[in-house]
Amino acid sequence: MPIIKILPHPEYCPQGDSIEAPRGTSICEALLDNGIAIEHACEMSCACTTCHVVVRQGFDSLNELDESEEDMLDRAWGLEPQSRLSCQAILADEDVTIEIPKYSINHAKENH
């Protein structure tokens, strides 16, 4: 199983973490399944950018971005060339390292 290394984030994962997830799982699902409560205001339907992450290592091992994800990413805070919506980024066999941006476009947090 691939490992997701999460870089420290003051709110979601202060010390950082490493989690295992099955191949074919989205990064968002893996984070949520392991107690890392990343925002996902649209319930993982690719309709917002609150689950935006930057893939620091392993970007090319993920599935390709489709047009709807690219369009949504244009609205993300802190967009970088290796940005993905974690609800759309599907794990393959390689490990990945991600950074959760400090801010999102959400003005109020959802209670999931």
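Every number here is computed from the coordinates shown, using simple stated rules; none is lab data. The structure presented is a predicted model; accordingly, all values stated were derived computationally and were not measured. Neighbour counts run over all protein chains shown; Cβ positions are idealised from the backbone, glycine included.
What to note about this one:
- Remark: the chain projects, on average over all directions, an area of 6.1 nm² (convex hull of Cα atoms).
- Range in the chain, longest, excluding exposed trypsin sites (Lys or Arg not before Pro) [loop by DSSP; at most 12 other beta-carbon atoms within 10 Å]: 24-74
- Centroid-to-centroid separation of the stretch 1-43 and the stretch 58-106 [C-alpha atoms, Å]: 13
- Ranking of MET44, MET72, MET1 by count of other Cβ atoms within 10 Å, fewest first: MET1, MET44, MET72
- Qualifying GluC sites (Glu not before Pro) in the stretch 1-104, where qualification requires a DSSP coil assignment and no more than 12 other C-beta atoms within 10 Å, comprise GLU11, GLU43, GLU64.
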